[in-house]
Every structure is written in structure tokens, then in C-alpha cells.
2 protein chains.
Amino acid sequence: MSDEKNQKRPYRPRPVSGFPEMLPEVRLAELSFIDDIRKAFESFGFASIETPAVEEIEVLLSKGETDKEIYILNRLQADENDKDARLGLHYDLTVPLARYVAQHFGELTFPFKRYQIQKVWRGERPQEGRFREFTQCDIDVINIDHLPLQFDAEMPAIGYDIMRRRNIPDIVIKLSNRKILAGFMEGLGTEKAGNAIRIIDKLGKLPASEIGNLLRAECGMNDAAIAKCIDLADIRTQGTGFAARVRALGISNPTLEAGIDELASVMDMLRELPEGAIEADLCIARGFDYYTGTVYEGKFTSYPDYPTILAGGRYDDLAGSFINKKLPGVGISIGLSRMFPKLQQEGRLAIGRQCPTDILVIAPSAERQGLALATSRVLRARGFNVELFHMPGKLDRQLKYANKKSIPFVWFPPFEDGLAHEVKNMGTGQQEKADPATWEMPNG
Amino acid sequence: MSDEKNQKRPYRPRPVSGFPEMLPEVRLAELSFIDDIRKAFESFGFASIETPAVEEIEVLLSKGETDKEIYILNRLQADENDKDARLGLHYDLTVPLARYVAQHFGELTFPFKRYQIQKVWRGERPQEGRFREFTQCDIDVINIDHLPLQFDAEMPAIGYDIMRRRNIPDIVIKLSNRKILAGFMEGLGTEKAGNAIRIIDKLGKLPASEIGNLLRAECGMNDAAIAKCIDLADIRTQGTGFAARVRALGISNPTLEAGIDELASVMDMLRELPEGAIEADLCIARGFDYYTGTVYEGKFTSYPDYPTILAGGRYDDLAGSFINKKLPGVGISIGLSRMFPKLQQEGRLAIGRQCPTDILVIAPSAERQGLALATSRVLRARGFNVELFHMPGKLDRQLKYANKKSIPFVWFPPFEDGLAHEVKNMGTGQQEKADPATWEMPNG
């Protein structure tokens, strides 16, 4: 290396891999998406909470999720009093929720219904739709001892409501129930039921023959059992028709029956949703070990190869584990950071405005700046988002600024005494007299 | 230690010092506060951005702020490919903004007006009003080459607007201009002007005699010079009267004159604010070295001993330093995590509701659950936040739930065919017939 290269060059800002950031016009679209998610969550009466970005390592490892590539914190200037690093950034919002409910148990009202919209961090290798920092939008309900199935049905209803608000009809939320696969395996006499479920969860990603080979090799299944598993995992119905088809496979087991009944109840409670919005799909299992009943997986129907955009399920034993109580929960996570870049790439987001400004007030001249300032104040007090241009004078420059930032209206305070205020609609080009105290913004 | 004590006991969740979290009823109040801050920021046309929680260490250290106790990240399971930790959590939002503007320079519209509401982290020892994780609400404008003073006046106007929205009239935003102190020192012939400014900034925290001793010991000032400094730093006026009082001290210097003119202009532009909302206070300097002109410091007038709740200023050389351009900026930071606990402690926050629910729909019986569900849907589609109680039956239990969560209205779907819907105002106890398709919520 030459001496020149070794010389310290000034630092030039650069993106950090896996930590995306947005230009203002994209962020504006994201914020509007988040606002709609929040409105949907609140419309069902769920309360916001936030937990710290960090948890103690014991909490993060309590589910045994050591493959999540946890980031731990150290102070840059650690002194001798520093203990070993015992704090790490959370990698999801479910484990913090479980800890929160256990810690504040006596201060919460149950069923505890909360939503949480926060960043989470995973030190994984970045790929398409996978980042090291991303936003999760979670909604969960946790109750003491017993949690009615009504909530299992409410989760996909809320998920669908968000999509409806965002005008994204091309999604399907697939439902299953862990007890169906588990009971079916039990009924078949499979020894390694957990392994088998994880293998069947891959149906759709791997061909059926490959699934068969794995079940044979890893779970010691015979051809008849494999055929029944594939038949089961192949069942996909719009309503409750799945139940008869499962029973027709001739496996009898109480856990299986419980799973069928639960899923049928949940599907029935969701019958008001538009056709195609939900379906029972018995190959869905979800990776997390803590799911014990209903599971969800949402996908774009228009982009079938694109990964899951929302997911969740019921966990009967997660939250209570810290304090030795029975605290069953169910929840769903909207994968905003998964969904958003795809919608952006497909041109399905309204991206254009760089700012929330409704009206740019023109600064006609230094002498009339006071009038322009007063005009901005009147419009702002009436609820509009208003910028006053910062350099009185040159009109061209002011209109160019409005155009560049896609500000929809430009306001002209009178250039001389006796003249009227005027407002220009930058979309239509129309300009008309207006009174700042009474003007109403046209719709659209 | 006994063997028993050495046994691994199950982890019990506990708070982590410096990383506070809120119960839902407190978080609801915080969220409403944040919403108002955001509305105020947007009403002036500022755009939201978010930067990652992390920056490269070079960025974090670029201002030489090594006393901020930066947290650096390491992966819990680092492999041999891991480079030395080169990412740290941001400790403010100004340095990330400067890096953002430099990195995306060609893609932004100037003047670039952004707000940013995010968590920041400092590994300091927690004290009253100081946390290791806290929320900052920053608003800044950065322009190329020249930034009009209009923006210096806009920052405290926005700060005051937030307080007005939150019904907090008991604050004062103190303004000064760095050039006044710097030019005054220059005019006095002080050699260690920087030191002197830092000492004078402590006036109000230390007695004047102590300030005098420090100026004598650390800056070699004589008694006459010290007296002039104290006289200067003592100047506090509601309007532009400070200018005459500074000039009466008889120090002549071009930087001083520029500072007086700038501050007078800014104070003049703010004359529409209510009396007492702002004042020129010439002892204000702010700690950060990067401030070059206007500086702000906001405090509760009702709690004069409580620390600064908003602060900021103009920095002409910060953002451009990464890319060798002139990018002057001015901004203000609302110390939400500083302000909020004090307002809570003083009982000045509306804390009570545990959830955003407007209406709890009663589930009269299992048979009529479908009707109750349909009623919830109608009310929700009309924009209300609606919960349907999860266990049909026992009315007492349902009303108790509404009471505990302070849900303001309870809706009774007809218990028999032919009866009408009824709604109960939980505040007044009044119950009346109502139609879910047309009912309007009473004000208040």
C-alpha cells in the first residue's frame, strides 16, 4: 500500500448495510402507512405500549432463540465499574411483551390488549426484504387462565382491515391450528412429531416428493403415513370445508379433533370477510416453537413468490413462564418493512410530496413580509400545514420551490393595498380570489 | 454463600436502570403529547425523517463529543468474519441529521426542513430527568450557503406553539446570540474567550462572585472586565431593549454588533408571541461548541429549578463539514423525556384511560353474539374505537371491565328482538336509546 493511501482521508458519509433510511418523500408514505396501522389497531380498542430497545440477556435468551443474532451493548468508554455486558437489543416485540406482562402483572387490566410499533434489530446478513434494523407492528392480547377464540378471529380481521384501509385487496391470510398437525402426527404414531411439522411447513417451498424424502429420512415414516401427511398438508379451503376433508383421512385423535373444532370456529367467525381474504391452509405451521393453537401467515396474492408479509399465532405458555402463571396470548405482526419495499418497487405507493405542507405562502416583498407572516398564521390556526417562503421577492423561485416539493396550493397575499388574496391550485393551475379566514381546501 | 443461594433460580423480570417504560395509561398520555408535537412540526411544513439507531463510530465522534458515553454494538455470537465493532447507538439527532444531509445532499430540496422524533441512548448514570434511553423531538432547517434569520425566529415560535397546544403557558424561551458574548470578549481583549463563555453560561447556577473568581483564575481577567461581563450576562429584556443596554457597556466590536443586530431581528419577528413567552437573556450560551449564532433555552417558569426542557441554536459549520460545503442550520429540540415526568409528577397530565376505546359493546348472550359483533362493526366503520366484550353473559363483569379501563361509553345491543339499542354514558350514568348507524358521541 502506498503512503498516500495510508494517509487519513476525511470520513465520507455512506449507507450502513442492513440499516436502511428513507428520503423524505418515501418516509412520508411510510408514516401514512404506520398511521393507518395504528388507526386500525386503536379502532379495536388496543392500547399502545413501548418497551425499551434493550432487554437483559436472560430475557432475550429465555425462549432459547439463540439464532436471532442478538446485538449486545458495550459502552465505548467502559470503566472498571462496568459489569459484563448484560443488555442486548430486542430482536422481536413478543418476548419484550411477555416480560412486560410478567413484570407489571398486578398493574394491568386483563384481557391485556396492546399494540406496539417499534424498531427491532437482528445481526443477520441483509437480503431482499431482510434488514438488520426494521419496524414491526405487533398486536396481541393476553389473558389470565383462559383466552376466548374470539381473539383468534379478531387478529386476521384487524390484519385485513389494515389492508382494506391501504387499498391492498390482493392479500390472503392463511390460517391453521398447530393442534391439527400435532394431533395428526400423534394419531399416525409418528415419534418425531416436531421435526415432521417443521418439514411439512416447507411444503410450497419444496416439492412434495422432497418433503416425502425428508419425512422418510428424518422421521422414519412409511409411504402410507407420508401420503396421508401430504394429503393433509394439501388441504386448502375457503370456509370450514377443511374439517370434513381432514376427517376423511381417517386419523382419530383428541388433539386433532380439538384443532379442527378451534379452526372451524375461527373460520366461521371470519365469514363476513370478503371471499378470498382468508383461507384454511393446513400446511401452515410457523417456525416458532411457542405457538400452541391458531397460526397465521399472510401473503400477497399478486406476488406469490414474495415472502410472508404478516404472521402470528396463539401461544398459551409464553407470557406466564416468567412468573409461573397461565397467561395465554394470541397476536399478529404486520411486517411493514417486508411489505413496504415491495409495494414501493411495484409503484403502488403514493410517493411524491416531500413534505406535509398544504400551502406555500408567497413572500411578495420585504415590505409586505409582515402581511405574509400574518396570513400564514391565520391559515395555520385553521388547521392547514403552512410554509412561508423564506426569501421575499422573486416569484419564479418561490413557485419552483413549491413545484419541487409538490406543495398543492400557493397563496398570494395582496401585492398592493386594496387588492385581494389569491390562491393557486398547483394541480389544476387554477387561480382565484380567496379569504384566508374562510377558504376551504378542495377535495382530492 | 450457601449452596442454596448458588442454585440457579428462575429469572424474574425487573426494571433496567435508566431504561424507563410506561404503563398503558401513561403511554397514552405520552402518545397524545407526541401527536401534538408532530402536528405542530407539520403545521410549519417540516417533513419527518428517521435515521437508523446506529451510526458509524467515525460519525458519532466527528464532533469530538467523546463524553456522551456512546454505546457500541457487538453481536452476541460474533464469528471470525466480524470486523471490530464499528457501529454505535446515536446519542442525539443532530449529528445523524448532519450525516444524512451530507449523504443525500443531491436528493434533497433546500432549505431542507425536517423533524425527527426518535429514541437516543447515552450510557450516563441515570438521575432525575436523565435516562439512558430517551425520546428527542427535534426540528431543524438546513440551507445551502445562506440561511435567513426568519428560521431562527420560527424555531421558538414552533416551540411555543407546542406548549400552547398542550395548555402549558408557564414556560419561557430565553434567546441569545453566540456572537454577542464572543464579540464582547474580543472587544474586551480576552484571550481565552471560549473558556470565558463557558463560565458565563453558568451564571444562574453559580453566584456572580463565583463566576468572577473563575473568570479571574481561568481567563486572567481584571476586575473591570469581570464587572462588564457580569453586567452583560445580567441583561434580560422582553423585547429588543437589550441592544441599548449592551451598547451602553461601551464595548465596540463588529462581531458583537452583528450579534446584537441578529438577536434584535429575531426578537422583533417574535413580537406577536404573548408577553413573557420569550426573552433575550444574554447569559445563555449553551454547551455545544458548534453553535455559532442564535441560541435557545426553554424552562418552566413555575419550576425555576427544574432543568432546561427545550434547547437549540444555529450551527453554521456542522452539516457541511462532511462534504466541504457551507450548510448553515438552525434547530430546536423538545426534551419530551425531560418535560413529561415533571408534568406527570405535578399532576398536569390527563392520565386515566388505559386504552383508546370509545365504546365497549356488551355481549348480551352467546345467542346474540352475532348481533353484538355486527353492531361493533357498524360503529367501528363510522370511526369509533370499539371493543366487543369477549365473554357473553354476566353484565356486571362487563361494566366492571369498562369502568376499570375508563371506557367512556357502553353500548347495549337489544337483548330481545323488537327492543332498541341503548348506550350508556359512563361519566354521567345517563342511558338512552340509540341507533348505531347514526349515534353521535357527545362532546367532552
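Here are the criteria: (1) crowded, with 20+ Cβ neighbours inside 10 Å; (2) of a type in the set (Val, Ile, Thr); (3) at pLDDT below 95. Tell me which single one residue A:37 does not satisfy.
(3)
Give the residue, chosen from B:371, B:379, that is of a type in the set (A, V, I, L, M) and either at pLDDT below 95 or on the phi > 0 side of the Ramachandran plot (or both).
B:371
What's the number of the condition residue B:264 fails, among (1) assigned by TED's automatic domain parsing to the domain that holds residue B:213; (2) at pLDDT below 95; (3) surrounded by 17 or more Cβ atoms within 10 Å (Cβ to Cβ)?
With respect to (1) assigned by TED's automatic domain parsing to the domain that holds residue B:213; (2) at pLDDT below 95; (3) surrounded by 17 or more Cβ atoms within 10 Å (Cβ to Cβ), residue B:264 is out only on (2).
Any idea which of (1) crowded, with 18+ Cβ neighbours inside 10 Å; (2) within 28 Å of residue B:410 (Cβ to Cβ); (3) under 19 Å from the mean Cα position of the chain (by Cα) is the one residue B:364 doesn't satisfy?
Unmet condition: (3).
Which of (1) assigned to a strand (DSSP E or B); (2) among the hydrophobic types (A, V, I, L, M, F, W, C); (3) touching a Gly at 6+ places or on another chain (Cβ under 7 Å); (4) surrounded by 22 or more Cβ atoms within 10 Å (Cβ to Cβ) is the odd one out, the single condition residue A:155 does not satisfy?
(1)
Against the condition touching a Ser or Thr at 6+ places or on another chain (Cβ under 6 Å), of a type outside the set (A, V, I, L, M) and surrounded by 18 or more Cβ atoms within 10 Å (Cβ to Cβ), how does residue A:293 come out, does it pass?
It is false that residue A:293 is touching a Ser or Thr at 6+ places or on another chain (Cβ under 6 Å), of a type outside the set (A, V, I, L, M) and surrounded by 18 or more Cβ atoms within 10 Å (Cβ to Cβ).
I'm trying to understand the selection: among the residues of the stretch B:92-110, which are crowded, with 23+ Cβ neighbours inside 10 Å and part of a loop (DSSP other than H, G, I, E, B)?
Matches in the stretch B:92-110: B:93 only.
Of everything in the stretch A:391-406, what is in a loop (DSSP other than H, G, I, E, B) and surrounded by fewer than 20 Cβ atoms within 10 Å (Cβ to Cβ)? Give them in sequence order.
Passing the criteria: A:391, A:392, A:393, A:394, A:406.
Of all residues in the stretch A:364-388, count the ones that are facing chain B (nearest Cβ under 9 Å) and not in a helix (DSSP H, G or I).
6
Could you please let me know if residue A:242 is out of contact with any Cys (no Cβ under 8 Å at 6 or more places or on another chain) and outside the structural domain of residue A:181 (by TED's automatic domain parsing)?
no
Output yes when any residue across the stretch A:100-116 is within 30 Å of residue A:16 (Cα to Cα) and either within 15 Å of the chain's Cα centre (by Cα) or not assigned by TED's automatic domain parsing to the domain that holds residue A:318 (or both), and no when none is.
Yes, the conditions are met somewhere in the stretch A:100-116.
Would you be able to say whether some residue in the stretch A:334-349 is within 12 Å of chain B (Cβ to nearest Cβ), out of contact with any strand residue (DSSP E or B) (no Cβ under 7 Å at 6 or more places or on another chain) and surrounded by 19 or more Cβ atoms within 10 Å (Cβ to Cβ)?
no
Are any of the residues in the stretch B:340-347 assigned by TED's automatic domain parsing to the domain that holds residue B:126 and assigned to a loop (DSSP other than H, G, I, E, B)?
yes
Report yes if residue A:145 is in contact with a Ser or Thr (Cβ under 7 Å, 6 or more places away or on another chain) and at pLDDT 95 or above, otherwise no.
So residue A:145 fails the test.
Quick check on my filter: what residues within the stretch A:401-430 are of a type in the set (A, V, I, L, M, F, W, C) and within 14 Å of chain B (Cβ to nearest Cβ)?
Passing the criteria: A:402, A:407, A:409, A:410, A:411.
Among what's in the stretch A:168-224 and is among the polar types (S, T, N, Q) and assigned to a helix (DSSP H, G or I), pick the residue that is nearest to the chain's Cα centre (by Cα).
A:195
Filtering the stretch A:310-333 down to residues that are closer than 30 Å to residue A:24 by Cα and in contact (Cβ under 8 Å) with a residue 40 or more places away in the chain, which residue is nearest to the other protein chains (Cβ to nearest Cβ)?
Among residues in the stretch A:310-333 that are closer than 30 Å to residue A:24 by Cα and in contact (Cβ under 8 Å) with a residue 40 or more places away in the chain, the one nearest to the other protein chains (Cβ to nearest Cβ) is A:332.
What pairs can you find where one residue is in the stretch A:95-116 and within 7 Å of chain B (Cβ to nearest Cβ), the other is crowded, with 19+ Cβ neighbours inside 10 Å and of a type in the set (Lys, Arg), and their Cβ atoms are less than 8 Å apart, with a gap of 6+ or different chains?
A:109/B:405
Going through the stretch A:314-333 one residue at a time, which ones are modelled with pLDDT of 95 or more and either under 18 Å from residue A:177 (Cβ atoms) or hydrophobic (A, V, I, L, M, F, W, C) (or both)?
Correct list: A:314, A:327, A:328, A:329, A:330, A:331, A:332.
Return the only residue of A:356, A:341, A:436 being of a type outside the set (S, T, N, Q), in contact with a His (Cβ under 7 Å, 6 or more places away or on another chain) and modelled with pLDDT of 90 or more.
On inspection, the qualifying residue turns out to be A:436.
Within the group B:410, B:386, which residue is touching a helix residue (DSSP H, G or I) at 6+ places or on another chain (Cβ under 7 Å), farther than 16 Å from residue A:157 by Cα and buried (at least 19 other Cβ atoms within 10 Å of the Cβ)?
Being touching a helix residue (DSSP H, G or I) at 6+ places or on another chain (Cβ under 7 Å), farther than 16 Å from residue A:157 by Cα and buried (at least 19 other Cβ atoms within 10 Å of the Cβ) holds for just one of B:410, B:386, which is B:410.
Considering only the stretch A:117-140, state which residues are of a type in the set (S, T, N, Q), within 14 Å of the chain's Cα centre (by Cα) and either more than 10 Å from every other protein chain (Cβ to nearest Cβ) or over 28 Å from residue A:160 (Cβ atoms) (or both).
Passing the criteria: only A:136.
Taking the options B:236, B:198, B:245, name whichever one is without any contact (Cβ under 8 Å) to a residue 40 or more places away in the chain, among the charged types (D, E, K, R) and at negative phi.
When all the criteria are applied, what remains is B:245.
In the list A:25, A:80, A:30, A:58, which residue meets the criterion of being in a helix (DSSP H, G or I) and modelled with pLDDT under 95?
Only one candidate passes the filter, namely A:58.
Identify, by number, the condition in (1) in a helix (DSSP H, G or I); (2) within 24 Å of the chain's Cα centre (by Cα) that residue A:286 doesn't meet.
Unmet for residue A:286, out of (1) in a helix (DSSP H, G or I); (2) within 24 Å of the chain's Cα centre (by Cα): (1).
Would you confirm whether or not the stretch B:239-257 contains a residue that is assigned to a strand (DSSP E or B) and of a type in the set (Gly, Ala, Ser)?
Looking for residues that are assigned to a strand (DSSP E or B) and of a type in the set (Gly, Ala, Ser), one finds none in the stretch B:239-257, hence no.
The values are calculated or read from the model by the stated rules, or taken from the named source; none is laboratory data. All figures in this text were calculated on a predicted structure; none of them were measured in a lab. Note that we place each Cβ from the backbone using ideal geometry, even for glycine, and neighbour counts take in every protein chain shown.
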